[in-house]
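The values are calculated or read from the model by the stated rules, or taken from the named source; none is laboratory data. Note that the structure is predicted; figures quoted are calculated from it, not measured. Glycine gets a Cβ as well: all are built from the backbone with ideal geometry, and neighbour counts include every protein chain shown.
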Amino acid sequence: MAKRTQLETFPNLVAMFLARVAERGDAPFLWAKRGGTWTSISYSEAARQVAALSASLLKLGLKPGDRVMLVAENRPEWLIADLAIMAAGCVTVPTYTTNTTRDHTHVLGNSGARAVIVSTQKLAKALIPAVLFSSDCNDIIGMEDLRTGQAVEARVHQWSELVADGGDLDAVRERMSRVGRDDLACLIYTSGTGGAPRGVRQHHGAILHNCAACVDVIANDFGWDEEVFLSFLPASHAYEHSGGQFFPISLGAQIYYAESLEKLAANIEEVRPTIMVVVPRLFEMLRQRLLKTVEKSGSFSQLLLRRALEIGQERYDRGKLSVADLPMEWFLKATLKRKVAARFGGRIKAMVSGGAPLNPEVGIFFHSLGLTLLQGYGQTEAAPVISCNRPKAGVRMDTVGPPLLNTEVRIADDGEILVRGELVMHGYWNNAEETARVLQDGWLHTGDIGHFDDHGRIVITDRKKDLIINDKGDNVSPQRVEGMLTLQPEIAQAMVTGDRRPHLVGLLVPEPEIIAQYKGDEAGLKAALQKAVDRVNADLSVIEKVRRFIVADEPFAVENEMLTPSMKIRRHVIRASYGERLDALYGGKAS
């Protein structure tokens, strides 16, 4: 592919896809492992299936503007279904594979979806009862064979039959000629750190704005070439939907779908991606794993890591290396850094971290080992990327970089970050009250608190609603304290609380190895965790120190609803389970 520096302007997402099909033809596009072997679907074959499925959806009676729910794990059919729904003039409603029947019932009822596409029998188990409750859903399409096991009024269809036709791309182009950038592309339901999920109305132009702005980063800071992505975050989340699905299309890239989170490390080495869309928790886990590997590798490996981190910190602080450190830097590149690069496939241009705050120490750690880690910032309501660190602008790990191309950001008098531009949603689906609250005079009120640094990079300090205000009126950032706690080798997850209280208390989830080490020795476990907390407290101000803590009964997880699918903690859910025990740490009930 010829190198480019900018993305063309498209009227809609399907038009962008068809432009890449015309360029890439039979080149590989979507990859998945089948029977232990990576197999691909070409751009042209994907287009044929998109055209065939979109025609089948219309034959089922769907009309432009109708909503179609999509429930599937990341796989080639996910993206083909998404494009086909849009190619029929309909609106995609992605939902999480971890959704319960209650969750599906809410999304079906709120969106008024007329049909659902589901991948497997396992995922259909929670979905089918929700369809029974729905008054609008008439059709269920199974990517694999489905057995409903009960009387379902909705008609059941097989994916293989609906994509069997030749596919009329001219018909798709004709339909898409009537779809513009302001038209609704998808309803993405927020994963909801509090309250019921709301449907964010993302129009075609919002996602196209994100794609063009992200292409600007890649093309001008790295060079736009033959790009390879490895997709593993939920495609139903706005971050992966735009960054891991449509952004690769905009680049004419290949997308590999990871087998599972457990096989991710092996898949990275096999696939050798050039760009990855990631979340901070992944790097926190990789950092701990790497530290343990080096610890077992002997004193020489430990020396190399220590020197790499020292030199990396110097480069980060000063912007350059001293002449005296150059020989060691060359040696590190030939030894330690080469091994680390190989673990990530050897050709990573950048890993873009988003979805939650990245602890600066983690970012500097990986930069010191030769990996380019860019922290970005966004919200589902902004399609979702708002800003991203750029190497040419100078990467600072305590910032989320400057605003993207054609994105306006300003700071309100109370410190709230406001955003304006084509990337901003048109509102929440059937929720005028919430829409009016967050969209005012064209500005999206993000609910995040922050400021610009001297170089125009955004610094996020906290969520407006998450700020802890102690009994003396001091503001404390829980995310900062929690981030420092989870850097300790003994602590996997943490939540701190202390609103209207004299000090902070915490809820800690120990690392599995620590739990195994102190199995049956509760006092020993608490003593080990206390030492970790003491280390963190030594670097915190008086108002930030965690005075007491309790140990969680189980890890925070999507399955127990204590984590969102993008790995943010749901404070209200955790408080509902542990509130009384946390309050007891103060010797009484909260007022």
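Pairing residues of the range 54-74 that are at negative phi with residues that are among the charged types (D, E, K, R) and assigned to a loop (DSSP other than H, G, I, E, B), at Cβ distances under 6 Å and at least 6 apart in sequence or on separate chains, gives Leu62/Arg114; Asp66/Arg114.
Hey, any hits in the range 254-269 for a residue that's closer than 30 Å to Asp466 by Cα, part of a loop (DSSP other than H, G, I, E, B) and without any contact (Cβ under 8 Å) to a residue 60 or more places away in the chain? Checked the range 254-269: at least one residue is closer than 30 Å to Asp466 by Cα, part of a loop (DSSP other than H, G, I, E, B) and without any contact (Cβ under 8 Å) to a residue 60 or more places away in the chain. Restricting the range 515-551 to residues that are small (Gly, Ala, Ser) and crowded, with 16+ Cβ neighbours inside 10 Å, which is farthest from Asp474 (Cα to Cα)? Residue satisfying both the conditions and the ranking: Ala528.
Looking at Ile255, is it of a type in the set (Val, Ile, Thr) and within 26 Å of Pro489 (Cβ to Cβ)?
On the way: of a type in the set (Val, Ile, Thr): yes; within 26 Å of Pro489 (Cβ to Cβ): no.
Spelling it out, it is not the case that Ile255 is of a type in the set (Val, Ile, Thr) and within 26 Å of Pro489 (Cβ to Cβ).
Any residue at all in the range 97-107 that's more than 25 Å from Pro565 (Cα to Cα), assigned to a loop (DSSP other than H, G, I, E, B) and either touching a residue at least 60 places away in the same chain (Cβ under 8 Å) or more than 29 Å from the chain's Cα centre (by Cα) (or both)? Within the range 97-107, not a single residue is more than 25 Å from Pro565 (Cα to Cα), assigned to a loop (DSSP other than H, G, I, E, B) and either touching a residue at least 60 places away in the same chain (Cβ under 8 Å) or more than 29 Å from the chain's Cα centre (by Cα) (or both).
Suppose we filter Ala308, Ala324 for residues that are surrounded by fewer than 18 Cβ atoms within 10 Å (Cβ to Cβ), small (Gly, Ala, Ser) and in a helix (DSSP H, G or I); which single one remains? Talk me through it step by step, then tell me what you get.
Numbers: Ala308 fails: surrounded by fewer than 18 Cβ atoms within 10 Å (Cβ to Cβ).
Just one listed residue meets the conditions, Ala324.
May I ask you to verify whether Asp474 is out of contact with any strand residue (DSSP E or B) (no Cβ under 6 Å at 6 or more places or on another chain) and not assigned by TED's automatic domain parsing to the domain that holds Pro384? Considered against the rule, which asks whether it is out of contact with any strand residue (DSSP E or B) (no Cβ under 6 Å at 6 or more places or on another chain) and not assigned by TED's automatic domain parsing to the domain that holds Pro384, Asp474 comes out as yes. Number of residues in the range 512-564 that are under 21 Å from Ala356 (Cβ atoms) and polar (S, T, N, Q): the value is 2. Among all residues of the range 388-406, there is at least one that is over 30 Å from Gly312 (Cα atoms) and not aromatic (Phe, Trp, Tyr). In the range 506-523, is there at least one residue being in contact with a strand residue (DSSP E or B) (Cβ under 9 Å, 6 or more places away or on another chain) and modelled with pLDDT under 90? For the range 506-523, residues in contact with a strand residue (DSSP E or B) (Cβ under 9 Å, 6 or more places away or on another chain) and modelled with pLDDT under 90: absent. The set of residues in the range 159-175 that are of a type in the set (Phe, Trp, Tyr) and in a loop (DSSP other than H, G, I, E, B) is empty. Filtering the range 236-263 to residues that are modelled with pLDDT under 95 and of a type in the set (A, V, I, L, M) leaves Ala238, Leu261.
Can you go through Leu423, Leu444, Leu485, Leu504 and tell me which one is in contact with a helix residue (DSSP H, G or I) (Cβ under 6 Å, 6 or more places away or on another chain), within 20 Å of Ala532 (Cα to Cα) and not charged (D, E, K, R)? Spell out how you get there, then give the answer.
Details: Leu423 fails: within 20 Å of Ala532 (Cα to Cα); Leu444 fails: within 20 Å of Ala532 (Cα to Cα); Leu504 fails: in contact with a helix residue (DSSP H, G or I) (Cβ under 6 Å, 6 or more places away or on another chain).
Just one listed residue meets the conditions, Leu485.
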